[in-house]
Amino acid sequence: MLVIRFQKVGKKNQKILRLVLQDKRWKLNGKVIKVLGWWNPYTKDGNFDKELINFYLQNGAQFSETAKSILKKQKIL
């Protein structure tokens, strides 16, 4: 099963979150199928590929709780 979730990247105390598509069985920092965008929690800005997100949702991918709440706040969903 495919899951859309955030992956931490960046330096210590300066993390940036990547929105990635992964298999649910893989670890959080494991193999990534597709990068769908990024989110900076400190400045509250980000860039997401709406078309790819909608495509993978229609084909059975699911969201993690955190990714779902942030994308709702950004009015992507």
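The values are calculated or read from the model by the stated rules, or taken from the named source; none is laboratory data. The shown structure was predicted, so the numbers you read here are calculated from the model rather than taken from an experiment. Neighbour counts run over all protein chains shown; Cβ positions are idealised from the backbone, glycine included. To get the accessible areas, we keep the full protein, side chains included, count just its heavy atoms, and leave off ligands, DNA and RNA. Shrake-Rupley method; radii C 1.70, N 1.55, O 1.52, S 1.80 Å.
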Any idea which residue in the range 9-57 is nearest to residue 72 (Cα to Cα), counting only those that are of a type in the set (Val, Ile, Thr) and out of contact with any Phe, Trp or Tyr (no Cβ under 7 Å at 6 or more places or on another chain)? 53
Counting only residues that are over 21 Å from residue 62 (Cα atoms) and aliphatic (A, V, I, L, M), the range 1-19 contains a total of 2
Could you give me the residue pairs with C-beta distances under 8 Å whose first residue belongs to the range 28-42 and is closer than 13 Å to residue 67 by Cα, whose second residue is part of a loop (DSSP other than H, G, I, E, B) wherever it lies, and which are 6+ apart or on separate chains? 36/49; 37/49
Top-ranked residue of the range 10-27 - restricted to ones that are free of Cβ contacts under 8 Å to residues at least 24 places away in the same chain and among the hydrophobic types (A, V, I, L, M, F, W, C), ranked as nearest to residue 50 (Cα to Cα): 20
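Please return the ranges of strands (runs of 3 or more DSSP E) entirely within the chain where 2 or more residues are open to solvent by less than 30 Å² (accessible area, probe 1.4 Å). Show your work before the answer.
Details: elements: 2-11, 14-23, 34-40, 45-48.
By residue number, 2-11, 14-23, 34-40.
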